[in-house]
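Colleague: Sharing a structure below in structure tokens format, with a few things to ask.
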Amino acid sequence: MNVRDHLPAFLVMVPLLGSFLSPVAVSFGKTVRNVFFVAFAALTLLAGAAICVATFGGNILVYVMGGESFALTMPSGMSYPVRILFEIDAFGAVFIFCVSAAAFAGALFSVNYMERFSGWKRFMPLYFLLTAGALGMCATGDMFNFFVFAELASIASFGLTAFWRDKPEAVEAGFKYMFVSQIAAMLLLIATGALYGKYNAVNMGFLASVMESGTMERVVLALIISVTAFRCGAFPMHTHMTDACAEAPCGVTCLLVTVSQASFYGLVRVCYSIFPNLAGGGTVGWLLIVMGSMSMIFGVMMAVIQHDIKRLMGYHSVSQAGYLLTAMGVGLLALGRGGGMEGYGLASIKGGLFHAMNYSFCNGLLFLCAGSLYYATGTRGLDKMGGLARNMPWTAAMFVVAAAGISGLPPFNGFVSKWMIFGSGFAVHPILPALGMVTSVLALASFVKVFQAAFLGPPRAKLIAAREAPYGMLAGMGLLAVLILLLTLFPGWFMGNVFDNAAEALLRPQDYIRAAMGGR
């Protein structure tokens, strides 16, 4: 058996198996529980990294569930795929690696962070279900199972957001997340049903090969963009995300960032692979640009005035989602203009993919740093902290790395991705790079405020006994910090070997269609 052939199934099977076995592992005590938790998260990361390597060079991994063969997408006599299908190209592999890395970092962090609390029999199964849902969204090859995996991730998110059941704010945030997510889920299901009703299929590759440009298709595209943009946390559909980020355990919040990335993956896949004729050009491209620009500005302005450190990071997540939407909106404009893709569209897409990875690692690390501060001080209020750099030097150093990276401070990784996005955006309208510069400056100002309030100045009397986070928490934070530094030190390697391949895979829908149709 060739293990490479079964990587897509292994990717989702591991966290699902971890979820089902977690209650058993918890019953064997703390040591077994912790080893089990970290081991299954590490296996998930290993599968995600292996998929990235396997998709180098334009390879597309296809896996069929329940078929005579794992690669038989077209049973005898069938003219279109009907099986449960995973289809992963280099574009999807970028997001899969982001999710699996964040899941492993969050698991390392949570081993110590959650040791003060009960509820492990609920926490671990929901954590692995959330991981499996996000990975499935990035790996699936059909619209219905995208809906299924999105619901799986949403249900786990409800429980983890409201994990602190004795806190009214957490219960309220979980209920809000549940209510609006279910409305979004119904809209996604209606869109999927409309496609099935007309084309008798839900396979993404097959739909791309037969998609028309009628009124029904335009309505479906509008519904899918609305749902996926909502799940990304884009303005003005962002309030559920900021509340969830503020109330969920910090190891979970690190993973929630990549769940929003999985939704962004779905939005881009639908626009570029299934509906390129409808989405390419003016209307949809400008819609994403306007939505992204508003998210950038509103998110960072709200972050600047926050005093709750986790809520501040939540608003930064809204702002960073705006960069991604803007980048892909510019790419869609170029898709509908002759020569635009070679001129500026391709650079914008590559910059957006680069920034998606930066967003996952930098914002994930910022949430873990916020959790480390809460663990040491017992408060999330910046006005109740101070002087912690002396007692928590590692947390302070990793906060600086993450803040500099996501703010786009040269020479960190965020500078490269933002330069590509807004250098390309200048070809569309000069206001886009201006907005990017203002947003980056305000982001840096908010992080300077956090660093000054939490780490500088004389230590407060109540915090003199505060100590650095335990080694497990530092290990989770350190993993993301190392990834950020690798992106900073070797941007050319990542661009040439990862983001170039991912962008080219996205812009070759014919390869995605051919793989879904069994190579025909």
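Colleague: Say whether the condition of being open to solvent by less than 10 Å² (accessible area, probe 1.4 Å), assigned by TED's automatic domain parsing to the domain that holds residue 209 and within 18 Å of residue 510 (Cα to Cα) is met by at least one residue in segment 39-55.
Modeller: yes
Colleague: Just need a number here: residues in segment 237-290 that are without any contact (Cβ under 8 Å) to a residue 60 or more places away in the chain and not in a helix (DSSP H, G or I).
Modeller: Qualifying residue count for the region: 4.
Residue-wise test of (1) among the basic types (Lys, Arg); (2) out of contact with any Lys or Arg (no Cβ under 9 Å at 6 or more places or on another chain).
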residue	(1), (2)
375	no, no
397	no, yes
418	yes, yes
429	no, yes
432	no, yes
438	no, yes
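Colleague: Then there is this: Could you list, in sequence order, the residues of segment 370-384 that are surrounded by 24 or more Cβ atoms within 10 Å (Cβ to Cβ) and of a type in the set (A, V, I, L, M, F, W, C)?
Modeller: Listed by number, the residues that qualify are 370, 373.
This table checks each residue for (1) free of Cβ contacts under 8 Å to residues at least 40 places away in the same chain; (2) part of a loop (DSSP other than H, G, I, E, B); (3) more than 22 Å from residue 331 (Cα to Cα); (4) open to solvent by less than 20 Å² (accessible area, probe 1.4 Å).
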{"position": "388", "(1), (2), (3), (4)": "no, yes, yes, yes"}
{"position": "391", "(1), (2), (3), (4)": "no, yes, yes, no"}
{"position": "406", "(1), (2), (3), (4)": "no, no, no, yes"}
{"position": "419", "(1), (2), (3), (4)": "no, no, no, no"}
{"position": "424", "(1), (2), (3), (4)": "no, no, no, yes"}
{"position": "433", "(1), (2), (3), (4)": "yes, no, no, no"}
{"position": "447", "(1), (2), (3), (4)": "no, no, yes, yes"}
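Colleague: I would also like to ask the following. Return the residues of segment 269-284 that are open to solvent by less than 20 Å² (accessible area, probe 1.4 Å) and at pLDDT 80 or above; say none if nothing qualifies.
Modeller: Correct list: 269, 270, 271, 272, 273, 274, 275, 284.
Colleague: While we're here: Output the residues belonging to segment 20-38 that are open to solvent by 40 Å² or more (accessible area, probe 1.4 Å) and either outside the structural domain of residue 89 (by TED's automatic domain parsing) or polar (S, T, N, Q) (or both).
Modeller: 27, 31
Colleague: Same structure again: Being over 25 Å from residue 434 (Cβ atoms), in contact with an Asp or Glu (Cβ under 8 Å, 6 or more places away or on another chain) and not assigned by TED's automatic domain parsing to the domain that holds residue 110: is that true of residue 387 here?
Modeller: No: the conditions fail for residue 387.
The values are calculated or read from the model by the stated rules, or taken from the named source; none is laboratory data. Model, not experiment: these values are computed from the prediction. Heads up, the Cβs are rebuilt from the backbone with ideal geometry, glycines too, and the neighbour counts pull from every protein chain shown. Heads up: the accessible areas ignore ligands, DNA and RNA and are worked out on the full protein's heavy atoms, side chains in. Shrake-Rupley method; radii C 1.70, N 1.55, O 1.52, S 1.80 Å.
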